[in-house]
Each structure stands twice: as structure tokens, then as C-alpha cells.
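Everything on this sheet refers to the single structure shown next.
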Amino acid sequence: MPESQRDEEENRVNSTAAALATAEQVRESTHAPSLNAFLAGVERAAFRTAQMALGDREDALDAVQDAMLRLARSYAKRPAEEWTPLFWSILRRRITDLQRRRKVRSIMVGWLHGRDDGEDSLPEWDPPDDGPDPLGRLTDRQSMQALTAALDKLPRRQREAFTLRVMNDLDGAATAKAMGCSEGSVKTHLSRAMHTLRQELEDWR
Amino acid sequence: MNDTPNIENRAHTLFRASCDDIDDATLARLRRARVAALESPPTPLARRMLMPAGALAAAVLALVVAWPRHPAPNAPPAPVVATANGADNAVPDDDDVDLYNDLDFYTWLASQPSVASRRN
């Protein structure tokens, strides 16, 4: 490649990078940074919550992305203290939608083929094992699998109450808003969930 | 012994540990999703209001179209309309008339003993 052509190519790459950097700055200036911080702070827990409910990484990523999009598009101008219940409410509905769609698809596949080939069965959640303490991680993995299996057996509302209130540390009011019910209902769902989990997770005593 | 705090604490700790264990590829996709969400233009309020209204209108239309139309319970019976050639719809066809004319014969035939019973 001649020298001049290489320089030209390099200039083009540099100008593209500069344009991207400018776009990034514009984006940072036009959007409230706190929304970015909020989403950054909640994305891991949201992903794990969706993955535990859906049992599938891709579906979980889709659900979280949809929830982020919806919050940013429709509720970015709301006060920051409303974002937490709004985000979890959107994500909860999205997860429920995906579960229902999956159920309908499973029924249709079973009806069309006369059998269910198990394609939609939920795989066990399997966290990566790349840490320095394999035994501890193995124990944690088994405990997490047991917890996921126990949560799967709960009715949907009880599972949601436990996931939001206990695992994601939402307070009673935020959990109630996210679930679209009263705080009293949250307490009832949570109490029933705990009762069942105590029986399912006997080993944890 | 109340073991509820134990279950709560352990579930919470495990969940937080699993959140810290997310692989880099997934984290990168979450980051991209976040950037894409922040870059997306806000949905106008009018559109947000119109969408449920449109869905409601579509549902009402579908209900109206699919609503079963039964005749009124006390409606008078529809008058018999003569066909184009003047024949009455209530008149049976030729086979039915023949059967009716020969009804006496078929009644007598049915009352007769069968051939097998006569031989016995």
C-alpha cells in the first residue's frame, strides 16, 4: 500500500474515532448521568433476576434490554426515586410476558408435533467457575441451584415478592409499586414464600 | 428456632455473589444495551396515550364484529316465500309422495310373518 494511501486511511480512522468520541460527549451531556448510573447499578441484579426466572441467558438479556429501553424512553424525566419501582415493574412484566409466550409456544409445538420435545425446558442456572476457591464456588453453585429450583416451584407472585424484597433489597413500598399491589399483599406473598422455602431448603438450616 | 433470617441472608448473599460473577461478555452486552437505551429518543406522551386508545378501539371493533347475532326471541316466524317457479318450499319431493301413497302397503308388509318363520 503506498504511503499516501495509508495516511489517508489513518486519517479516516482517526476522524471516525473523533466523531464517536464527540457523539459520546453529546450523549453524556444530553442525558442525565444519573439515569446512566442507575441503570449501571441495577443491570447485574436485573440480569441475574431475569436469568433465574427465565433460565436462559439470551432471554434474560432481551428482557433487561427491553426494560432499560422502556425506562429511558418513557420515564427518564420522572424523579429519580421513582426509577427503581418503575424499572422492576417493567422488568417483571417483561419476564411474565416471555414466560407466557414460552408456554404458548410449548403448547403449540406439542400440539403440532404431538409431543413436547423438551426444547423449552428450563436449563439449570450454571454460574461460571473462574474464581480462586473452587470448593467454595462449588458449594455456592449448588446452593444457588437449589435456591433457583425452590423459587421455580413458588407461585409467580410469591417468587416476585421474594426476588424483589429479599434478593434485590427493595423496601416494602418499592416492592409493592413494582408488583402493582399493596404492601400488605407483598407481606402476605413474602410470608407464604418463606414458608415454602423453609420446607424446600431444609439443608440450609 | 427462627431460621427465616438465615434463609433470607443466605439467599441475598448468594444472589449478590452471583451478580459479581457475571462473565465479561455478558457485562459487555449489558453495557451496550444500556448505551442503546440512553441513546433512544424518548417516546412522545401523545403516542404513549394513543397506543392504549388504539388497542381499546381495535378490541371494541373486534368484539362488535365477532358478537353473535341471534334473532329476537319473540320475533314472528319468517313468512314462507314462494320460489321463482311458484312451488311451495313445504312440498316434499316425488320420492316422499310415493312413500306416503304406499304407506298402507308397507304397513301390511311389515305385519306379515317372514319366510323363515312360515317354514318353521
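The values are calculated or read from the model by the stated rules, or taken from the named source; none is laboratory data. Fair warning: this is a prediction, and the values are worked out from it, not measured in the lab. Neighbour counts are summed over all protein chains in view; Cβ atoms, including those assigned to glycine, are modelled from backbone coordinates with ideal geometry. Each accessible area value is taken on the protein alone, full model and side chains, heavy atoms only, with ligands, DNA and RNA left out. Shrake-Rupley method; radii C 1.70, N 1.55, O 1.52, S 1.80 Å.
Report the net charge of residues surrounding A:THR175, where surrounding means a beta-carbon distance below 15 angstrom and charges are Lys +1, Arg +1, Asp -1, Glu -1. After counting each charged neighbour, the total is +2. By the rule of a C-alpha distance below 25 Å, with chain neighbours fewer than 8 residues away ignored, the lysines paired with A:LYS153 are A:LYS103, A:LYS177, A:LYS187. In this assembly, the A-B interface accounts for approximately 3800 Å² of buried accessible surface in total, computed with a 1.4 Å probe and without ligands, DNA or RNA.
On a 1.4 Å probe surface of the protein chains, which of A:MET108, A:MET68 comes out largest in accessible area, and what is the full order?
Numbers: A:MET108 90, A:MET68 0 Å².
Result of the area sort, largest leading: A:MET108, A:MET68.
Inter-chain Cβ neighbour count for B:17-29, averaged per residue, equals 6 (cutoff 10 Å, partner chain atoms only). Measuring only protein heavy atoms, the 1.4 Å probe finds A:TYR75 accessible over about 40 Å².
Of the whole protein surface, A:VAL64 contributes about 0 Å² of accessible area at a 1.4 Å probe radius.
Each residue was assigned an accessible area with a 1.4 Å probe, and for B:PHE105 the value is about 110 Å².
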